[in-house]
Amino acid sequence: MSPTTAAAYYPLPAMSSELPVWAYSAPGAPEAQTLPVFLAPPPPPALPAGYRMPPPPPPCPLAFRVPSTLLFQMDYRRSHSLVQFLRDEGAVPTPEEDMTREQVIRKLKKIVMDWAKQVGHEQRVPPRRVTATVLTYGSYTLGAHGPESDIDALCVGPCIATLPHHFFVVLRQILQRRPEVSGVQSVENAKVPLMRFIFSGISVDLTYAQLPVIDAVQAINSSSPQFLRKLDSRSWRSLSGVRVNEQIVQLVPDAEKFQVLLRCIKLWARRRGLHCHLLGFFAGIHLAILAAYICQKSPKATVNGLFTMFFEIFAHWHWQIPVDLHGQPSKCRLSDGCLMPIVMPCTPPELCASNMTESTFGKIREELMRGYALTKDLWKHDFEWTWLFEPFPYVTKYDQFLRIALCAPTSEELSDWAGWVKSRFRYLILKLEGDGIVCDPDPSPEVDHSVTMPNTVYYWGLVPQTNGYLDINSLKEDFMKDVVNDVYGKVKCTHSELTMSIVGSSELPKSMYGDSFYSQHLPRYMVGYQAATDCWSAVG
C-alpha cells in the first residue's frame, strides 16, 4: 500500500494542543518534570599505606528539568511509529480488499433473499411477502478489520425458515452450488450455531436468527421491541453480536482512535497466540470491549498512550470485577468457571461467552504483563514495536507437545470434521488440567505433507505440574466420548480420523520455527524503534 493510500484510513491530524496522558502542561508552557538521576561518585585518590578512608556517602539524586514538550514529542513519535508499523505489517486492508468485502456482502444478501423466496414457495406462502437479509457485525462493522479478518454475518430469516432444515440444509446446498464459495462447514451444536465458508477468498461466519414474522426485513428495520420479546433464546444470542456492535459505536468517544487501538490489540493477540476463542483465548468481542473501555477512560490520549494503558490496566486488573462499559456495578451473575468476566453493553447486560480455562487464562495474564513491561517506559529512546509483536516462541518455550492430527477423505469433509473437533477442544484442555498438565494450544494449524489424505495438525505446548504419567491412549479415548456424544459427531467420525501423540520440540515442523531476527535471550535494552521524521503526523 502506498503512503498516500494508507493515509486515507488514518487521517493524520495537525499538532494538537492536547497533551498525552503523561504530561501535565501545554507544550509551550515553561513547567517541566523533575526526575532523579543517580550518578556514581568518582574514584578516590591514592591514600598512604595503613590509612583507612571512611565509606563514601550514598549517591545523591541530581535533578534536571525535562520540558513537557519533550514528553509530548516522544509520545507522538511512538504513536506515529505504531501506526506505521500496522501499515508495514499489512494490518490495514487496501481499498481493493475492502471493495471485495462489500461485494461479498451484497451477493450474500441476494442469496439469502432468494433463499427466503424459495422457502416461501415451498411453504405455500406468497413469495413476495417473504423476506430475509444479512446484517454484519464484529471487526468489519467496527472498522477495525484486517486483510485476513473474517466477516461476521447474521442471516435474519422469517418464521417459516427453520434452523435445522432450511438454514443448515437448504441454504447450505445453495451456497455449495456457488462457484465462488468453498469449504462450507456447519457448527450446529455450538452455543451460537453457524455456517463457516470461504466466499471469494474471504472467510465468512454466518449465524441465524429466526424472527416471528414473515417479512423479516421490515421487522428488523423497524427496530420494534415487540418481535424481540418473542425471539427464542438461540435467536436472541445470535442477535447479540449486532446489538453489542451498535452499543460500542455509541459508547466510544473517538471512533478513529478506537479502530487503531483495536487493530493493535488484535495483531498483538494473533502474534502471541491468544486469538482463538475455541481454544480458550480471546474472541473478537472480548478485544473490542476491552479496547472500548480503554478509550472511554482516556478520550484525549494518543494511540501510544491508549495501547500502553491497555497493558497497564489489564495486567493489574482484579478479575473478580467484570469489565463493564457502562461504568456501573455489574448485575450479571458470575459463574464459578468465569475467569475473565467481560460484560456485553446491551440490555439486559450479559457476560460474553468464554471458553477460558486455568491454562489459557494464565497465558493471557502472562502476555499482558509482558506487554506492560515492554511499553511502560516512555523514555526508552531505542523502543521497537517489533519486539512487542514478535510471534510467540513455542519451539523454545516448551519441551513437549501434544500432537493432534485430523484427517478426512476430502477437503470439504476435513473442514467439517475439524470444525466439529475444535468446538470440543475445551473439554480436552480441561482433561489435561485434571491430569496436572498446563496446556498452551497453538491456534495456528499445520499440514503434514507426508500424509496423502487432507489433514490438519495442531501442536499444544505441555508443562507437567507433577511427575505423573500421561496415558495418551486413555486421553484420546476420553476425548472421543465428547466428540461422538451425539448423532452429528458419530456421523462425522465415520470416515474421518483423529490421532494423538506426544512429541518433542525437535519433532515439530520447520514452519513452526519461524525466521524472527529477535531472540528471547536478547537483553531488554535491545528493544528499539525507528522514529519518524515528522513526529506530529500521528493519529492522536
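The values are calculated or read from the model by the stated rules, or taken from the named source; none is laboratory data. These figures come from a predicted structure and were not determined experimentally. Neighbour counts run over all protein chains shown; Cβ positions are idealised from the backbone, glycine included. With ligands, DNA and RNA removed, areas are computed over all heavy atoms of the protein, side chains included. Shrake-Rupley method; radii C 1.70, N 1.55, O 1.52, S 1.80 Å.
Among the residues making up segment 228-244, those that are in a helix (DSSP H, G or I) and either of a type outside the set (G, A, S) or touching a strand residue (DSSP E or B) at 6+ places or on another chain (Cβ under 8 Å) (or both) are L228, R234, S235, W236, R237, S238, L239, S240, G241, V242, R243, V244.
Just one residue in the set I502, I437 is modelled with pLDDT of 90 or more, exposed (fewer than 15 other Cβ atoms within 10 Å of the Cβ) and either in contact with a helix residue (DSSP H, G or I) (Cβ under 9 Å, 6 or more places away or on another chain) or within 29 Å of L261 (Cα to Cα) (or both); that residue is I502. Every residue in segment 185-200 that is modelled with pLDDT under 90 and either aliphatic (A, V, I, L, M) or surrounded by fewer than 18 Cβ atoms within 10 Å (Cβ to Cβ) (or both), please. V187, E188, N189, A190, K191, V192 - these are the residues of segment 185-200 that are modelled with pLDDT under 90 and either aliphatic (A, V, I, L, M) or surrounded by fewer than 18 Cβ atoms within 10 Å (Cβ to Cβ) (or both).
Would you check if V483 is surrounded by fewer than 16 Cβ atoms within 10 Å (Cβ to Cβ), on the phi < 0 side of the Ramachandran plot and aliphatic (A, V, I, L, M)? So V483 does not fit the description; no.
Restricting to segment 208-263, count the residues that are closer than 30 Å to P299 by Cβ and aliphatic (A, V, I, L, M). Going through segment 208-263 one residue at a time, the tally reaches 11. Of the residues making up segment 133-164, those that are open to solvent by less than 40 Å² (accessible area, probe 1.4 Å) and over 30 Å from the mean Cα position of the chain (by Cα) are P158, I160, A161. Note on segment 409-429: residues that are at pLDDT 95 or above and in contact with a Ser or Thr (Cβ under 8 Å, 6 or more places away or on another chain) total 1.
Here T494 does not qualify as farther than 21 Å from S354 by Cα, open to solvent by 40 Å² or more (accessible area, probe 1.4 Å) and touching a Gly at 6+ places or on another chain (Cβ under 6 Å). Filtered by the rule that a residue be closer than 18 Å to V438 by Cα, under 30 Å from the mean Cα position of the chain (by Cα) and outside any helix (DSSP H, G or I), segment 460-498 gives W460, G461, L462, V463, P464, Q465.
The selection criterion, being more than 22 Å from the chain's Cα centre (by Cα), open to solvent by less than 40 Å² (accessible area, probe 1.4 Å), under 29 Å from K481 (Cβ atoms) and in contact (Cβ under 8 Å) with a residue 12 or more places away in the chain, does not hold for Y394. For beta carbons closer than 6 Å, sequence separation of 6+ or different chains, a first residue in segment 189-202 that is farther than 18 Å from R101 by Cβ and a second that is part of a loop (DSSP other than H, G, I, E, B) and open to solvent by less than 60 Å² (accessible area, probe 1.4 Å), the qualifying pairs are A190/S423; K191/A353. The single residue among I111, I105 that is over 19 Å from R263 (Cβ atoms) and touching a residue at least 60 places away in the same chain (Cβ under 8 Å) turns out to be I111. Only one of the listed residues (Q173, Q123) is surrounded by fewer than 20 Cβ atoms within 10 Å (Cβ to Cβ), of a type outside the set (D, E) and at pLDDT 95 or above. That residue is Q173. Determine, yes or no, whether R178 is among the charged types (D, E, K, R), over 23 Å from S240 (Cβ atoms) and open to solvent by 30 Å² or more (accessible area, probe 1.4 Å). Answer is yes for this residue. Taking residues in segment 272-299 that are closer than 22 Å to W385 by Cα and charged (D, E, K, R), and partners anywhere that are open to solvent by less than 50 Å² (accessible area, probe 1.4 Å) and outside any helix (DSSP H, G or I), the pairs with Cβ atoms closer than 7 Å and at least 6 places apart or on different chains are R272/F392. T452 meets the conditions (1) of a type in the set (S, T, N, Q); (2) buried (at least 19 other Cβ atoms within 10 Å of the Cβ); (3) not in a strand (DSSP E or B) in every case but one. The failed one is (2).
Of the helices (runs of 4 or more DSSP H) lying entirely inside segment 245-352, not one contains at least 3 residues that are buried (at least 23 other Cβ atoms within 10 Å of the Cβ) and touching a Pro at 6+ places or on another chain (Cβ under 6 Å).
The set of residues from segment 465-475 being touching a residue at least 24 places away in the same chain (Cβ under 8 Å) and open to solvent by less than 70 Å² (accessible area, probe 1.4 Å) comprises G468, L470, I472, L475. Based on what the data block shows, is D382 under 30 Å from R77 (Cα atoms), open to solvent by 40 Å² or more (accessible area, probe 1.4 Å) and without any contact (Cβ under 8 Å) to a residue 12 or more places away in the chain? In short, no.
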